[in-house]
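Report on one structure; see the data block that follows.
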Amino acid sequence: MEQALSESNNLAKSIGSLMKEGKKDEAEKLKAKTAELKSTSKELGEELAKIESELDNILYTIPNVPHSSVKPGKSADDNEIIFEVKELPQLNDKALPHWDLIKKYDIIDFELGIKISGAGFPVYKGKGARLQRALINFFLDEASKAGYTEVQPPIVVNQASGYGTGQLPDKEGQMYFINEDNLYLIPTAEVPITNIYRDVILKDEELPVKNVGYTPCFRREAGSWGAHVRGLNRLHQFDKVEIVQIRKPEQSYLALEEMVNHVKGLLEKLQLPYRILRLCGGDMGFTSALTYDFEVYSAAQKRWLEVSSVSNFETFQANRLKLRNKSDGKKHFASYTQCSALALPRILAAILENNQKENSISLPAAIHSYTGFTEI
């Protein structure tokens with residue numbers, strides 16, 4: 001295609017010279033040849049665009065390369081527990097799981113959500129709604145204290161944004177799609193916050209970038225059923241606070257450690273027993289090079305509930321997004337790290353279950369100033 005275009009341009013110059021020399025017949029012959037070359041280059045351009053699209057579709061399906069510390073494995077059963085609190089809360093035999101507690105105190109209504117929307121869309125009421133808002137504000141304020149700049153992004157994204165962060169094509173079946181507008185409801189605030197920097201070149205003095213954002217999140221969760229997804233354990237719509245950092249590649253694991261410590265601090269302030277897992281290759285996300293999952297212990301359900309994933313994407317997302325850092329006159333891909341800080345539903349479930357008494361639920365002291373009440 002380029003050869004045809006080059007030859008066409010050269011002939012165009014020759015045509016001008018021939019016309020000046022009065023050699024009209026020769027010029028007309030070259031015009032015909034030029035038209036033929038332009039037609040050829042157009043056909044080749046269309047063929048090239050098709051090949052490039054097919055190549056991109058293949059490249060988009062190749063996941064990130066795991067970090068050397070990531071162990072081989074096929075499922076969550078192969079993940080490594082790298083930290084776990086020594087003592088777990090013990091409740092009496094009359095203790096209730098959160099799906100019974102929310103009915104007892106009339107703070108979350110799943111049946112009303114089914115009436116309005118469908119299963120997995122609960123309605124928060126009274127102190128339940130105020131507790132939800134209090135946790136969001138607490139998480140945002142803690143992130144601000146840690147140096148993150150708050151942003152409030154859109155909750156719908158276009159296809160380019162989905163491909164940029166790797167949700168597309170990998171998670172397309174789990175995302176809600178608005179067909180008429182070709183837009184997707186976000187599964188996490190990571191998608192719009194990260195895409196702020198798509199096709200951007202950042203200078204050294206602009207790094208690190210540290211952003212935090214709260215959004216509702218939407219996931220189809222197709223194929224999920226059973227007791228382990230009951231109540232707040234698995235929802236189609238939920239609230240989450242997300243933190244994102246952009247660093248130079250050599251600093252990305254420092255950012256990851258910083259985020260891990262941030263989540264530890266949140267859970268300790270909420271007085272929730274937790275453990276940290278390093279995910280194996282088979283359980284790790286498509287875009288991640290290394291992921292730590294945080295789980296809190298649900299005393300009434302007697303099981304661990306995932307509440308945060310802290311991931312280093314290294315330069316994988318930056319490559320897809322064409323986000324670069326200009327340093328010493330050269331352009332390099334930057335590095336992304338991201339974590340949930342935190343997803344609310346299971347945090348709320350653990351707070352309700354672990355702090356229940358016979359006729360009330362006490363709340364962690366850290367959020368009293370946010371709720372305006374100390375118990376439910």
Round to a whole angstrom and tell me the spacing of the C-alpha centers of the stretch 85-100 and the stretch 32-55. 68 Å
Magnitude of the Cβ-charge dipole (Lys and Arg +1, Asp and Glu -1) of the chain about the Cα centre, nearest 20 debye, reported as 420 debye
What distance in nm separates the simple spin-label points at Ile81 and Tyr176, each placed 7 Å from Cα in the Cβ direction? 3.6 nm
Helix-only mean residue ellipticity at 222 nm, the chain, DSSP H runs n ≥ 4 weighted -39,500 (n - 2.57), per residue, nearest 500. What is it? -11500 deg cm²/dmol
Inter-part distance where the stretch 145-214 and the stretch 323-376 are each reduced to a Cα centre, Å: 19 Å
For log10 I(q)/I(0) by the Debye sum over Cα atoms at q = 0.06 Å⁻¹, the choices are (i) -0.32; (ii) -0.26; (iii) -0.23; which was calculated from the structure? (i)
Rounded to the nearest 0.05, what FRET efficiency do Asp106 and Leu48 give with R0 = 51 Å and r taken as the Cβ-Cβ distance? Could you check? 0.20
Charge-dipole axis of the chain as Lys and Arg at +1 and Asp and Glu at -1 on Cβ define it, positive-most pick from Tyr124, Asn355, Leu5: Tyr124
Cβ neighbours within 10 Å, averaged per peptide: list 301-309, 155-163 in order, most packed at the top. 301-309, 155-163
Using mean Cβ contacts within 10 Å as the protection proxy, how do 253-262, 13-22 order, highest first? 253-262, 13-22
Per residue accessible area in Å² of the stretch 120-261, where ligands, DNA and RNA are left out and the probe is 1.4 Å: 45 Å²
Apply 1/(1 + (r/R0)^6) to the Cβ-Cβ distance of Thr61 and Met19, taking R0 = 51 Å, and write down the FRET efficiency to the nearest 0.05. 0.45
For the stretch 240-376, give the percent of accessible area contributed by carbon and sulfur heavy atoms, probe 1.4 Å, rounded to a whole number. 43 percent
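The values are calculated or read from the model by the stated rules, or taken from the named source; none is laboratory data. All values reported here derive from a predicted model rather than from experimental measurement. Here Cβ is always computed from backbone atoms with ideal geometry, including for glycine, and neighbour counts include all displayed protein chains. Ligands, DNA and RNA are stripped out before the accessible areas are found, and what is left, the full protein with its side chains, is counted by its heavy atoms. Shrake-Rupley method; radii C 1.70, N 1.55, O 1.52, S 1.80 Å.
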